[in-house]
Structure formats: structure tokens, C-alpha cells
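Participant: I have a structure here, written as C-alpha cells, and I will follow up with some questions on it.
The values are calculated or read from the model by the stated rules, or taken from the named source; none is laboratory data. Bear in mind that the values here come from a model prediction, so they are computed numbers and not experimental data. Here the Cβ positions follow ideal geometry from the backbone for every residue, glycine too, while neighbour counts run over all protein chains shown.
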Amino acid sequence: MSLREPNTLAWHETLEIHELVAFQSVGLMKLKMSYRKIADVELRGIYESTIQGLTQNINELVQFYPSAPVSLPRNEQMNNDIAFYAADLLAFLKTSVRNYAVAITETATPAVRTVMASHLSRAVKAHERIFRYMYKNGLYPSYNLGQLLQNDLQLAQKALSMDY
């Protein structure tokens, strides 16, 4: 059996690229919104290099979108402010779930494990609430990969075009 290079991305790598583009686009927007508020020269330099790095990452990743295993729908604008705030909360809660899940495996004290398990459960419930809100409002079309990727491209374009 020979492995030939396919002309589309695999589904699983498409979804990983989606997660990275969405997360980094929201992060880039937050960094750009905060940049002017930073007076410390060294911290401002760290922000600037991080902004440049995220810009490069996003530009490199969106180049793979035309190779996704779906057709992308026409570009329809979504409410960017609501989408940004909802996506930011979704990313925060997803990260919280991951962090608590890992932290629990490092606990030795039963009381700490109990508290962390409670926090994890709360984070999962909050994640479900924001996901359902986004899905209901067309901000996270999780069952339509083409639209999901199109939304990513819009979010990435907004993040890349923002001044800082």
C-alpha cells in the first residue's frame, strides 16, 4: 500500500487547525486591544513580539482552509462584537476544563481533589451554557464544518486587520 498525498486535509487536522485559528484570533484581538494601555517598555515589547508571532501563525494556518474537506459557504458577516466576547468566554472555559482535568491528576490531598472536581464540574457546565448560546445564535455552527471554517476566517481577518 503506498501513501499518496491527498488533495484535502484530513478531518481531524482540519478541526485542530480550526481550534488553533479561533483561539489565536481571539487572543490576538485581546492583545491588540490592550497594547496601548501598557506603559512598561519591556512588557510592551513582549506584547508586540507576541502579536507579530500570532499574526504569522494565523496567516500560515488560514492558508490551509481552501484544502479543508468541505466547501466553504459564501462570506456572510456575523456580529463581530458578540462573536468575539462569546468566543473569548468559550476559549477561557475550555482552557479551564483542561487545566482542572490535568490539575486533578496531580492532587494528593482528598480535600483538594474534591474542590477541584467541583470546580471542574462548574467549568464544564459553564462551557455547555456558552456553547449552547453560541450554537443557538449561529456563532458556533458545530454541525456545519464549512460555515465553522468560514466563521474562523472572518474572525481571523478581523484580528489581523485590527490596529494596535
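Participant: So which residues in the stretch 73-98 are under 17 Å from E16 (Cα atoms) and at pLDDT below 90, if there are any at all?
Facilitator: Of everything in the stretch 73-98, nothing turns out to be under 17 Å from E16 (Cα atoms) and at pLDDT below 90.
Participant: Same structure, new question: Between L89, L15, L72, which is more than 15 Å from Q150 (Cβ to Cβ), surrounded by 10 or more Cβ atoms within 10 Å (Cβ to Cβ) and not charged (D, E, K, R)?
Facilitator: The unique qualifying residue is L89.
Participant: Can you tell me how many residues in the stretch 109-154 are at pLDDT 95 or above and outside any helix (DSSP H, G or I)?
Facilitator: Selection size over the stretch 109-154: 1.
Participant: Considering only residues that are charged (D, E, K, R) and touching a helix residue (DSSP H, G or I) at 6+ places or on another chain (Cβ under 8 Å), look in the stretch 28-70 and name the one that is farthest from F84 (Cα to Cα).
Facilitator: Result: R44.
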